[in-house]
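Remarks on the structure that follows.
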Amino acid sequence: MNWTPGFLRTDAFIGLGGLGGSAAWWSFRNDHAVAYVTRRLHDHSRVAEIAMALGDDIGMEVTCPEP
């Protein structure tokens, strides 16, 4: 999963990845909002676990263009 400190929108969700592993998103597919804030710098692996548990496959939705 690739995240940037910036706004992301796909057909499935609208969200924002933050520095240190924080993130927030609204799932159009599942009709819920999620926000996760960390107390230390880390990667987004915990956010990915939370998303999968809620049925939001955000890792598959975010793709980076080929160079």
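The values are calculated or read from the model by the stated rules, or taken from the named source; none is laboratory data. All values reported here derive from a predicted model rather than from experimental measurement. SASA here: full protein model, heavy atoms, side chains in, ligands and nucleic acids out. Shrake-Rupley method; radii C 1.70, N 1.55, O 1.52, S 1.80 Å.
Please list ASP31, ASP11 from largest to smallest accessible area, probe radius 1.4 Å, with all protein chains kept in place.
The most accessible residue leads, giving ASP11, ASP31.
Given a 1.4 Å probe and the protein chains all in place, what does the accessible area of LEU41 round to, in Å² to the nearest 10?
Estimated to the nearest 10 Å², LEU41 gives 140 Å².
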